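Beneath this line is the structure, given in structure tokens, with notes to follow.
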Amino acid sequence: MNKKGKSKVSPTASNKKGGKGSKTKNKQQELIRLNKFIAHSGIASRREADELIKAGLITVNGKVVKELGTKIKPTDVVMYKGKRLKGEPNVYIVMNKPKDTITTRSDPQGRKTVLDILGDEVKERVYPVGRLDRNTTGVLILTNDGELAQRLIHPSTRVPKVYIATLNKDISKSDMEKLVEGFQLEDGFTYVDMVFYFNQKRKDKIVIEIHSGRNRIIRRMLEHLGYEVKALDRIEFAGITKKDLKRGQWRYLTDKEVGFLYMISGQKIRNK
């Protein structure tokens, strides 16, 4: 049952815990655009960096720089709010998120986060692209490429996400049709792009493709129809899968996979 044909990309994955795969880094050039340097530091997207520059909040070698398009040397001292920015290389990671982990950099309640799983092996300040519930498992992208992350989660990009939902009871075909046709929730009209039984023997288990990024949207849609979601596992995000990754394992994305993320988000690959 679907509103559109399904295109699935299954990139090659490494199955080694701790991610010994390809690490995509931008080559340092003699000169680099200031907004790009700021974006690479992880504090803002390139567009947001332009706003910081125009507002006079960025200094280079002690002088305020307001001119857009300014280029600097990698060795120049760039400051924002009294803190020196470091133009880190871009890093892209896929994790098979386990249950009972938080998709934030830190948690005031001291609960385990996805950054705790990465530990000290990843030196760059990466952030999760979007969020998964504490009890939702599966594919999670982490990066310090703020501009790409914003594009991937922006509603206009319509990035596909695929989940397997295990319910407290069998779901009827008529209710699956309702998921595709759509209905009104408290925060607006919603629908899924595709839904089908995981197999004919397990009608309490379904595969759902959706592009909406609204909070807990799948759980809320199924609860609206009278079902309790016992387990929710994201098996694909923007064409990236968790193939060969066990729960709690992660790896760096390949150059090919990073290129695909840029393509699906409608961006040009940096420094290409």
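The values are calculated or read from the model by the stated rules, or taken from the named source; none is laboratory data. Worth saying up front: this structure is predicted, and the values here are computed from it rather than measured. A quick note on method: Cβ atoms are made from the backbone with ideal geometry, for glycine too, and the neighbour counts reach across all protein chains shown.
Taking only pairs six or more apart or across chains, which ones have beta-carbon atoms under 8 Å, a first residue in segment 223-247 that is polar (S, T, N, Q), and a second residue that is part of a loop (DSSP other than H, G, I, E, B)?
Correct list of pairs: THR241/VAL9; THR241/SER10; THR241/PRO11; THR241/ALA13.
So which residues in segment 174-188 are exposed (fewer than 12 other Cβ atoms within 10 Å of the Cβ) and over 14 Å from TYR227 (Cβ atoms), if there are any at all?
Going residue by residue through segment 174-188, those that are exposed (fewer than 12 other Cβ atoms within 10 Å of the Cβ) are 174, 177, 181, 184, 186-188.
Across segment 174-188, the qualifying residues are GLU177, GLU181, GLN184, GLU186, ASP187, GLY188.
Kindly indicate which of GLY213, GLY239 is surrounded by 16 or more Cβ atoms within 10 Å (Cβ to Cβ), under 24 Å from GLN150 (Cα atoms) and touching a Phe, Trp or Tyr at 6+ places or on another chain (Cβ under 7 Å).
GLY239
Could you tell me which residue of segment 46-76 is modelled with the lowest pLDDT, considering only residues that are part of a helix (DSSP H, G or I) and closer than 15 Å to GLY87 by Cβ?
ARG46
Tell me, yes or no, whether segment 112-135 has at least one residue that is touching a Lys or Arg at 6+ places or on another chain (Cβ under 7 Å), charged (D, E, K, R) and closer than 20 Å to THR241 by Cα.
Yes: segment 112-135 contains one or more residues that are touching a Lys or Arg at 6+ places or on another chain (Cβ under 7 Å), charged (D, E, K, R) and closer than 20 Å to THR241 by Cα.
Mind telling me which of the residues VAL9, VAL94 ends up being closer than 30 Å to LEU179 by Cα and at pLDDT 95 or above?
VAL94
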